[in-house]
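A short write-up of the structure that comes next.
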Amino acid sequence: MKIRVAIAEDNKLLASAIEEKLDLFSNEIEFKYHAINGYELIKKLEKDHTVDAILMDIEMPVMNGIAATEIISNQFPQIKVIILTVFDDEDNIFNAIKAGAKGYLLKDETPDKIFEGIKSIMNGGAPMSPAIAAKSLEMLRNSDLVSNQISEEKYTLSKRETEVLEQLSKGLDYNKIASNLFISPSTVRKHIENIYGKLQVHNKMQAVQKAIKHKLI
(Lines give C-alpha, C1' and ligand atoms only; values in the text may rest on other atoms or scores of the structure.)
Protein backbone atom coordinates (compact mmCIF):
# COMPACT_ATOMS: atom_id res chain seq x y z
CA MET A 1 0.00 0.00 0.00
CA LYS A 2 1.32 3.42 -0.95
CA ILE A 3 2.19 6.04 1.67
CA ARG A 4 -0.26 8.93 1.30
CA VAL A 5 1.47 12.29 1.64
CA ALA A 6 0.21 15.89 1.82
CA ILE A 7 2.25 19.10 1.69
CA ALA A 8 1.83 22.43 3.50
CA GLU A 9 3.93 25.08 1.78
CA ASP A 10 3.07 28.71 0.92
CA ASN A 11 5.69 29.04 -1.82
CA LYS A 12 4.15 27.49 -4.94
CA LEU A 13 7.50 26.98 -6.67
CA LEU A 14 8.91 25.16 -3.66
CA ALA A 15 5.72 23.13 -3.32
CA SER A 16 6.02 22.08 -6.97
CA ALA A 17 9.67 21.16 -6.42
CA ILE A 18 8.72 18.98 -3.44
CA GLU A 19 5.96 17.31 -5.47
CA GLU A 20 8.51 16.57 -8.21
CA LYS A 21 10.80 14.98 -5.63
CA LEU A 22 7.95 12.80 -4.39
CA ASP A 23 6.97 11.89 -7.93
CA LEU A 24 10.30 10.10 -8.31
CA PHE A 25 8.90 7.53 -5.88
CA SER A 26 5.34 7.35 -7.20
CA ASN A 27 5.44 3.56 -7.00
CA GLU A 28 5.54 3.87 -3.20
CA ILE A 29 4.12 7.34 -2.48
CA GLU A 30 0.71 8.77 -3.34
CA PHE A 31 0.53 12.57 -3.31
CA LYS A 32 -2.80 13.61 -1.77
CA TYR A 33 -2.91 17.41 -1.87
CA HIS A 34 -1.12 20.68 -1.25
CA ALA A 35 -2.17 23.46 1.15
CA ILE A 36 -0.74 27.00 1.15
CA ASN A 37 -0.92 27.39 4.94
CA GLY A 38 -1.77 25.54 8.13
CA TYR A 39 -5.36 26.71 8.18
CA GLU A 40 -6.07 25.45 4.67
CA LEU A 41 -4.38 22.15 5.52
CA ILE A 42 -6.62 21.64 8.58
CA LYS A 43 -9.71 22.36 6.47
CA LYS A 44 -8.60 19.85 3.84
CA LEU A 45 -7.92 17.24 6.51
CA GLU A 46 -11.40 17.76 7.95
CA LYS A 47 -12.80 16.82 4.52
CA ASP A 48 -10.31 14.05 3.77
CA HIS A 49 -7.95 12.78 6.46
CA THR A 50 -6.83 9.69 4.55
CA VAL A 51 -3.28 10.97 4.87
CA ASP A 52 -0.35 9.08 6.39
CA ALA A 53 2.30 11.79 6.49
CA ILE A 54 2.56 15.54 6.03
CA LEU A 55 5.57 17.56 4.90
CA MET A 56 5.09 20.79 6.85
CA ASP A 57 6.70 24.16 6.27
CA ILE A 58 7.07 26.43 9.32
CA GLU A 59 6.76 30.02 8.12
CA MET A 60 3.35 30.36 6.44
CA PRO A 61 0.68 33.08 6.54
CA VAL A 62 -2.63 32.74 8.45
CA MET A 63 -1.44 29.71 10.41
CA ASN A 64 2.18 28.59 10.66
CA GLY A 65 3.40 25.03 10.57
CA ILE A 66 4.01 24.66 14.30
CA ALA A 67 0.47 25.74 15.20
CA ALA A 68 -0.93 23.43 12.52
CA THR A 69 1.21 20.54 13.78
CA GLU A 70 -0.19 20.89 17.28
CA ILE A 71 -3.77 20.84 15.98
CA ILE A 72 -3.08 17.81 13.79
CA SER A 73 -1.39 15.99 16.69
CA ASN A 74 -4.54 16.55 18.73
CA GLN A 75 -7.22 15.92 16.10
CA PHE A 76 -5.48 13.41 13.83
CA PRO A 77 -2.84 11.68 16.00
CA GLN A 78 -2.45 8.87 13.46
CA ILE A 79 -0.96 11.31 10.90
CA LYS A 80 2.81 11.76 11.07
CA VAL A 81 4.17 15.28 10.60
CA ILE A 82 7.64 15.93 9.20
CA ILE A 83 8.79 19.53 9.38
CA LEU A 84 10.40 20.46 6.05
CA THR A 85 11.94 23.91 6.36
CA VAL A 86 14.98 26.14 5.93
CA PHE A 87 15.00 27.06 9.63
CA ASP A 88 17.44 25.15 11.84
CA ASP A 89 17.37 27.35 14.95
CA GLU A 90 16.81 25.75 18.33
CA ASP A 91 13.52 27.53 19.05
CA ASN A 92 11.86 26.19 15.93
CA ILE A 93 13.22 22.68 16.52
CA PHE A 94 12.04 22.66 20.14
CA ASN A 95 8.61 24.15 19.38
CA ALA A 96 8.02 21.80 16.44
CA ILE A 97 8.86 18.69 18.46
CA LYS A 98 6.83 20.00 21.40
CA ALA A 99 3.88 20.51 19.03
CA GLY A 100 4.06 16.87 17.98
CA ALA A 101 6.30 16.74 14.89
CA LYS A 102 7.87 13.30 14.45
CA GLY A 103 10.64 14.40 12.08
CA TYR A 104 12.56 17.52 11.04
CA LEU A 105 14.24 17.81 7.65
CA LEU A 106 15.82 20.75 5.85
CA LYS A 107 14.58 21.66 2.39
CA ASP A 108 17.97 21.18 0.79
CA GLU A 109 17.83 17.43 1.43
CA THR A 110 17.97 15.22 -1.66
CA PRO A 111 14.82 13.46 -2.92
CA ASP A 112 16.25 10.18 -1.62
CA LYS A 113 16.67 11.60 1.89
CA ILE A 114 13.12 12.96 1.95
CA PHE A 115 11.75 9.64 0.70
CA GLU A 116 13.78 7.72 3.30
CA GLY A 117 12.51 10.15 5.95
CA ILE A 118 8.90 9.46 5.01
CA LYS A 119 9.46 5.70 5.08
CA SER A 120 11.28 5.98 8.39
CA ILE A 121 8.54 7.97 10.09
CA MET A 122 5.92 5.43 8.98
CA ASN A 123 7.99 2.71 10.65
CA GLY A 124 8.21 4.55 13.96
CA GLY A 125 11.43 6.43 13.23
CA ALA A 126 12.22 10.10 13.77
CA PRO A 127 14.01 11.33 10.64
CA MET A 128 16.21 14.39 11.10
CA SER A 129 18.79 16.18 9.03
CA PRO A 130 22.26 15.77 10.61
CA ALA A 131 22.45 19.42 11.71
CA ILE A 132 19.02 19.16 13.34
CA ALA A 133 19.91 15.89 15.10
CA ALA A 134 23.05 17.46 16.58
CA LYS A 135 21.12 20.44 17.93
CA SER A 136 18.35 18.19 19.25
CA LEU A 137 20.86 16.10 21.17
CA GLU A 138 22.35 19.21 22.70
CA MET A 139 18.91 20.45 23.75
CA LEU A 140 18.12 17.03 25.20
CA ARG A 141 21.28 17.10 27.29
CA ASN A 142 20.36 20.53 28.65
CA SER A 143 16.78 19.41 29.22
CA ASP A 144 17.97 16.39 31.21
CA LEU A 145 20.04 18.64 33.42
CA VAL A 146 17.01 20.79 34.13
CA SER A 147 14.61 17.88 34.65
CA ASN A 148 16.96 16.23 37.14
CA GLN A 149 16.60 19.30 39.33
CA ILE A 150 12.81 19.06 39.41
CA SER A 151 11.21 17.16 42.26
CA GLU A 152 9.41 14.08 40.96
CA GLU A 153 6.98 14.38 43.86
CA LYS A 154 5.16 17.10 41.93
CA TYR A 155 4.32 14.59 39.22
CA THR A 156 2.73 11.88 41.34
CA LEU A 157 -0.58 10.89 39.75
CA SER A 158 -3.31 8.69 41.15
CA LYS A 159 -4.04 5.33 39.53
CA ARG A 160 -7.19 6.72 37.88
CA GLU A 161 -5.39 9.84 36.64
CA THR A 162 -2.73 7.62 35.09
CA GLU A 163 -5.41 5.55 33.37
CA VAL A 164 -7.06 8.69 32.00
CA LEU A 165 -3.69 10.01 30.80
CA GLU A 166 -2.92 6.73 29.04
CA GLN A 167 -6.26 6.96 27.22
CA LEU A 168 -5.57 10.59 26.39
CA SER A 169 -2.20 9.65 24.90
CA LYS A 170 -4.06 7.52 22.34
CA GLY A 171 -5.92 10.59 21.08
CA LEU A 172 -9.28 9.55 22.51
CA ASP A 173 -11.94 12.13 23.36
CA TYR A 174 -13.65 12.59 26.73
CA ASN A 175 -16.68 10.50 25.79
CA LYS A 176 -14.58 7.57 24.56
CA ILE A 177 -12.37 7.69 27.65
CA ALA A 178 -15.46 7.80 29.87
CA SER A 179 -16.90 4.77 28.07
CA ASN A 180 -13.62 2.85 28.28
CA LEU A 181 -13.16 3.53 32.00
CA PHE A 182 -16.87 3.30 32.92
CA ILE A 183 -17.03 6.83 34.35
CA SER A 184 -18.87 9.97 33.31
CA PRO A 185 -17.41 12.55 30.86
CA SER A 186 -17.56 15.18 33.61
CA THR A 187 -15.45 12.93 35.83
CA VAL A 188 -12.95 12.52 32.99
CA ARG A 189 -12.82 16.31 32.63
CA LYS A 190 -12.15 16.69 36.35
CA HIS A 191 -9.36 14.12 36.26
CA ILE A 192 -7.77 15.93 33.31
CA GLU A 193 -7.95 19.25 35.16
CA ASN A 194 -6.15 17.60 38.08
CA ILE A 195 -3.54 16.14 35.72
CA TYR A 196 -2.88 19.54 34.16
CA GLY A 197 -2.45 21.06 37.61
CA LYS A 198 -0.07 18.37 38.86
CA LEU A 199 2.04 18.35 35.69
CA GLN A 200 1.93 22.16 35.36
CA VAL A 201 0.79 22.04 31.71
CA HIS A 202 -1.98 23.70 29.72
CA ASN A 203 -3.03 21.15 27.11
CA LYS A 204 -3.17 17.41 26.55
CA MET A 205 -0.16 17.23 24.24
CA GLN A 206 2.03 18.87 26.88
CA ALA A 207 0.57 16.52 29.50
CA VAL A 208 1.29 13.41 27.45
CA GLN A 209 4.80 14.57 26.48
CA LYS A 210 5.70 15.38 30.08
CA ALA A 211 4.21 12.10 31.30
CA ILE A 212 6.27 10.13 28.79
CA LYS A 213 9.40 12.12 29.63
CA HIS A 214 8.99 11.36 33.34
CA LYS A 215 7.88 7.76 32.67
CA LEU A 216 4.45 8.24 34.22
CA ILE A 217 2.85 6.29 31.37
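The values are calculated or read from the model by the stated rules, or taken from the named source; none is laboratory data. Nothing here was measured: the structure is a model prediction, and the numbers come from that model. Because the Cβ atoms are built from the backbone with ideal geometry, glycine has one as well, and the counts that use them run over all protein chains shown.
Here L13 fulfils each of the conditions (1) out of contact with any strand residue (DSSP E or B) (no Cβ under 6 Å at 6 or more places or on another chain); (2) among the aliphatic types (A, V, I, L, M); (3) buried (at least 22 other Cβ atoms within 10 Å of the Cβ) apart from (3). Counting residues in segment 120-127 that are surrounded by 17 or more Cβ atoms within 10 Å (Cβ to Cβ) and assigned to a helix (DSSP H, G or I) gives one or more.
Is it the case that E20 is at pLDDT below 95 and touching an Asp or Glu at 6+ places or on another chain (Cβ under 9 Å)?
Values: at pLDDT below 95: yes; touching an Asp or Glu at 6+ places or on another chain (Cβ under 9 Å): no.
Answer is no for this residue.
Contact map, segment 187-208: residues that are over 16 Å from Y174 (Cα atoms) paired with residues that are outside any loop (DSSP other than H, G, I, E, B) and basic (K, R), Cβ distance under 9 Å, separation 6+ or inter-chain. Pairs shown: K198/K154; L199/K154; L199/K210; Q200/K154; Q200/K210; V201/K210; Q206/K98. The sole residue among D108, D144 that is under 30 Å from A17 (Cβ atoms), over 20 Å from the mean Cα position of the chain (by Cα) and at pLDDT below 90 is D108.
Each residue in segment 58-96 was checked for being acidic (D, E) and either within 13 Å of the chain's Cα centre (by Cα) or assigned to a helix (DSSP H, G or I) (or both), and 3 pass. Of all residues in segment 191-217, those that are loosely packed, with under 14 Cβ neighbours inside 10 Å and part of a helix (DSSP H, G or I) total 4. Within segment 34-84, restricting attention to residues that are in contact (Cβ under 8 Å) with a residue 60 or more places away in the chain and charged (D, E, K, R), the residue that is surrounded by the most Cβ atoms within 10 Å (Cβ to Cβ) is E70.
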